[in-house]
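Take a look at the structure set out below.
Taken together, the values in this text are just the output of simple stated rules run on the coordinates, not laboratory data. Quick caveat: nothing in here was measured; it's all calculated off a predicted structure. Cβ coordinates were reconstructed from backbone atoms using ideal geometry, including for glycine residues, and neighbour counts include every protein chain displayed.
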Number of protein chains: 2
Amino acid sequence: MVLNLHTPKIALLLLTFTALISSSVKAQDPYQAYRQDWLKKAEENKPRLTEIEKQPVSMVKLEKDPAAFQGWKAVNTDSVSSFYSKSFKTQSGAVADFGEHLTGYFSFTIKSLKGTPDAPVRIKFTFGEVPSELTVPFDPYKGTISRAWLQDETVTVTEMPATITIPRRLACRFVKMELLGASPYFDFQIADIQFKATTAVAFKPPLLGPATSPLIADIDRVGLTTLKECMQTVYEDGPKRDRRLWIGDLYLESLANLYSYQNNNLTKRCFYLLAGLSADDGMLISNVFETPEPHAQVGNRLLDYCFLFNVALKEYVAATDDKQTGLDLWPVAKKQLDIARKYAGKDGMMDYVKAGKEWWVFFDWKDGLDKQACLQGLTIYTLNQTYALAKMLGKEDEVSDVPALARKLKNAAYKNLYDKTSGLFVSGTNKQISYGGQAWMILSGVASKTEAQGALKALASVKDAVRPGAPYMYHYYVAALIESGLKTEAKEAVENYWGGMIKKGADTFWEVYDPNDELKSPYNFYPVNSYCHAWSCTPVYFIRKYPEIFQR
Amino acid sequence: MVLNLHTPKIALLLLTFTALISSSVKAQDPYQAYRQDWLKKAEENKPRLTEIEKQPVSMVKLEKDPAAFQGWKAVNTDSVSSFYSKSFKTQSGAVADFGEHLTGYFSFTIKSLKGTPDAPVRIKFTFGEVPSELTVPFDPYKGTISRAWLQDETVTVTEMPATITIPRRLACRFVKMELLGASPYFDFQIADIQFKATTAVAFKPPLLGPATSPLIADIDRVGLTTLKECMQTVYEDGPKRDRRLWIGDLYLESLANLYSYQNNNLTKRCFYLLAGLSADDGMLISNVFETPEPHAQVGNRLLDYCFLFNVALKEYVAATDDKQTGLDLWPVAKKQLDIARKYAGKDGMMDYVKAGKEWWVFFDWKDGLDKQACLQGLTIYTLNQTYALAKMLGKEDEVSDVPALARKLKNAAYKNLYDKTSGLFVSGTNKQISYGGQAWMILSGVASKTEAQGALKALASVKDAVRPGAPYMYHYYVAALIESGLKTEAKEAVENYWGGMIKKGADTFWEVYDPNDELKSPYNFYPVNSYCHAWSCTPVYFIRKYPEIFQR
């Protein structure tokens, strides 16, 4: 996830926050005594990546097909050994297919086939997670985020034989090779195409139950691959883009990890890293980078992600019983609750207008989503989850005001946002009805089970209900269906949405997926979307946590 | 110099020779006993390159100017420190000027100016020896040799701060920097642009006499820079292109070196390398490469260059008295004379038609040049020079047939090629009159001094006389003027031709220069020409060897 140019307000806010932080007094830093220790623990828990050498499995050509995802499909043409055996001059534009999504380092060997190399060779490599990245011209670039995310690299080979590794880490299934320059006086071949694939995953996850349907098994498999690819030295949001640790993605990845790869050290590392890089006022920064030194995207303060840190930490401690990490980071979790205290009005309603002016309030990539109901729900949910964490750690005394605050917000939400006539929750001055609003009112427990079922069922008949914009929000929608006991609907939602990607040939789940608009992009250029995106791996969690719903 | 696509015959010949060599029997290799020792001596004499860190001296912009070389000139705009201090986003397209031609490795530092870098940056660097390389679009590429020679490299910077060195060795004075991709959410600057310049030159050459004219001093200075830039771990033909050791370039470079930098070990290294990499039948290969292992361009057999090896070796031994190298390599020199024996007819005329079918006979980049007179002259010259070498080494007995053969060829040349009526030498069935033909008839001593002067003076009035195509042939023309005692004319030729490049702003002398066609290119695209080319450094030799002509 990156900021969206379509929301210039955000950019302005960032600058404001940056300025605020710069002028803050260091002495006020509530974690001053802990930071070094947290960063040290983050480093200690840095995983040793598994490295596997992968070879392409086939050569393919890309064909237009209106039925294929984004209009392009890859069709097998030739064996890789046949490609290697022939002059590359006659094969410019060839596409190698690794048969699976890989993250890591690409290398190739180039050697003379006839004559003495008397000039350098120039080859353009384009790496694609999906076929469209190899077919849609990148330039002139129309996207709103950096053109440099697109994975095309031109290499000048000045001598041969040579084995060359492209320095940049890449994420792809396909690689297109185009000859941009060569001497007419010798001939050469490309061979030994390799991908040194890396991941923090070391173990295979448990098998699914024998009654699992093929579609659910496929969704699980692709979700696992998505998660595996995003698990590097942190939980990345996407190995192609943006390649860093965001709290929201961490939350969903760590949930899925608990029920699959169980690399709990990675989860721990991420918590410590985020804590160690939090802002001087004690608030978490939404995303952090590992290199060249660990650092946060200063000023990028995302309200919902601060809250989700607490929720993720609670789930982690509950599942692992690692109370030490919980206790170490308790000061951080406790501090995030100040956000709730600050914006909760006397009437028990969160001042979402003020919060929206002072924070980036995200929830979904969806223009026009009113965030009042989401924020109210998430705040209640966070208060309750954090209190549950406090109880596990024996720290209830430090947050003794929280249960009452949660109740107050819950009551106010029910009073102000629940429309008894329609059985739906509304949001904002225009009383917007959204999937996100219902989900968060349900997850927070504002709705009774009956009301929850009623609201979720009623949604279908509301013509202009604001639907989820990205898989991330779909997670909360599915979680709400399960919470409401709508098991069949939950399974159908997963089968329809993630299964839709499967049917369109997904090897990994996509950052953005609108079944009715395959070219949708928050960045105004769909090839720059991430097609292996952490927040889309969440079916792994649902399928494995709720076998009675998904594995029968 | 590379092969020219315009001469498809050559390509065919190469293949023929390659096949011939492949089928030759190893046991016939006349140098089998020596090769390893020669290659070892080449390695022992490999120079330790001088490395100097260079910084740009100014920022420039490129302006159209019909009066400037190739229509473009560089105009100072800003200081380098000013460029460093500002956001690169506002300066895309900036051009840094190092103020001199450099060969080596380019690096730059990139660092954040505002905000946290949240996406990679993509920058295209274009390196130019002359302004036109930064202004003429390279694509779609129309040249006949590899597009990869052109020096544009696109770099993806995935984290910052970072100092990045472009892996490829470059040769340039100017570097253009274009921003191809960046995030809108942070700002950054480029700083510490550096060029690690390398050369095998370690000492300053002797000063010129005080009476030297400013123009001659300039020609000498630019010639010295050209030579210095081409002196790397071998005498390269051009540091931008083709970056390898050709015998013809070695000859002119080693002459200039004798009278300037005096790095005689480099000359020695090149002789040994060529000998060690000669063909199994004892003939030299026209050009060799150093990496990844020393190897020759198998099949590239260039008749005149085999002969010039002998001439260069003789000049080297005469100047340095290094008889050991002469004796070591004598078997090679002796062997090259077989070419003369093979193609010399009973009538004393070289069978240039047959030789032209079996060899690449070069002499000049000049379409339509008839090579009979050139070949006849060079053969005689080589026979005499090699015999002179034999005498220095006490090896006359081994080539006792040579003086008579030289005389026979000389007499036949005079009889068949000298037109007493016009006082000019002719060449081929069409009796072509060329500068090259006159030059070689004079250098070989076929013409008396009076005849030589007559021929050279008569040339001016021959409307369709074939003029030199490249600076390389100009060398032989000037040498012939000096040989004939036409001192003023020799100086004027240097002043007009090389002085013409000076007046057009040359920092180094060009591979190709036609005063009437600045866009001339043997490769159908002038930006791929080399603008720092060994064979054009030859005025250094003339100016310094003949102070009585050039330094008064």
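Summary of values
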item: Helix B:264-276 axis, angle to chain B major axis (alpha carbon atoms, nearest 10°); result: 70
item: Sequence-distant aspartates and glutamates (8 or more away, or on other chains) whose Cα lies within less than 12 Å of A:LYS54; result: A:ASP97, A:GLU100, A:ASP192
item: Burial ordering of B:HIS475, B:HIS295, B:HIS533, fewest other beta-carbon atoms within 10 Å first; result: B:HIS295, B:HIS475, B:HIS533
item: Fully extended contour minus Cα-Cα distance, from B:SER448 to B:THR163, at 0.36 nm per residue; result: 96.2 nm
item: Calculated label separations, A:LYS520, copies of the chain, 7 Å along the beta-carbon direction, nm; result: 6.4
item: Coarse-grained scattering of region B:50-198 at q = 0.10, 0.17, 0.21 Å⁻¹, given as base-10 log I(q)/I(0) from a Debye sum over alpha-carbon atoms; result: -0.35, -1.00, -1.42
item: Around A:GLN189: net Lys/Arg minus Asp/Glu count, Cβ-Cβ under 12 Å; result: +2
item: Cβ-based net charge around B:THR320, under 14 Å, with every Lys or Arg adding one and every Asp or Glu removing one; result: 0
item: DSSP-loop chymotrypsin sites (Phe, Trp or Tyr not before Pro) across region B:328-434, with at most 14 other Cβ within 10 angstrom; result: none
item: Total formal charge among the other residues, if their Cβ is under 14 angstrom from that of A:ALA296, Lys/Arg +1 and Asp/Glu -1; result: -4
item: Reachable aspartates and glutamates from B:LYS114, criterion Cα separation under 15 angstrom, eight or more residues apart if same chain; result: B:GLU159, B:ASP187
item: Packing-based exposure ordering (other Cβ within 10 Å, fewest first) of B:GLU315, A:GLU398; result: A:GLU398, B:GLU315
item: Rounded if a/c under 1.5, otherwise prolate or oblate - region B:149-290, Cα gyration tensor axes; result: oblate
item: Hits among aspartates and glutamates - C-alpha to C-alpha of B:LYS64 under 14 Å, sequence gap 8 or more where chains match; result: B:GLU133
item: Kirkwood hydrodynamic radius over Cα pairs of the protein assembly as shown, then Stokes diffusion coefficient at 37 °C and 0.692 mPa s, in µm²/s; result: 97
item: Estimated inter-spin distance, B:THR291 and B:ALA458, nm [label 7 Å along Cα→Cβ]; result: 5.2
item: Cβ-derived FRET efficiency at R0 30 Å, A:LYS89 paired with B:GLU178, nearest 0.05; result: 0.55
item: Shortest-first nm distances, B:GLY485 label point to equivalent points in other copies (7 Å, Cα→Cβ); result: 12.2
item: Given A:LYS41/A:LYS395; B:LYS342/B:LYS408; A:LYS176/A:LYS503, the pairs whose alpha carbons are separated by over 26 Å; result: none
item: Using a 7 Å Cα-to-Cβ projection, B:VAL353 label spacings across copies, nm, ascending; result: 10.1
item: Pairwise centroid distance, computed over Cα atoms, of region B:96-168 with region A:337-380, Å; result: 47
item: Net lengthening on full extension, A:ASP351/A:ALA202 (0.36 nm per residue, minus Cα-Cα); result: 49.1 nm
item: Contour minus Cα-Cα distance for A:ASP514 and A:LYS40 (0.36 nm per residue); result: 166.5 nm
item: Rotation relating A and B, chain B residue nearest the axis via C-beta, angstrom; result: B:THR154, 3
item: B:VAL75-A:THR320 pseudo-label distance in nm [points 7 Å out on the Cα-to-Cβ vector]; result: 6.5
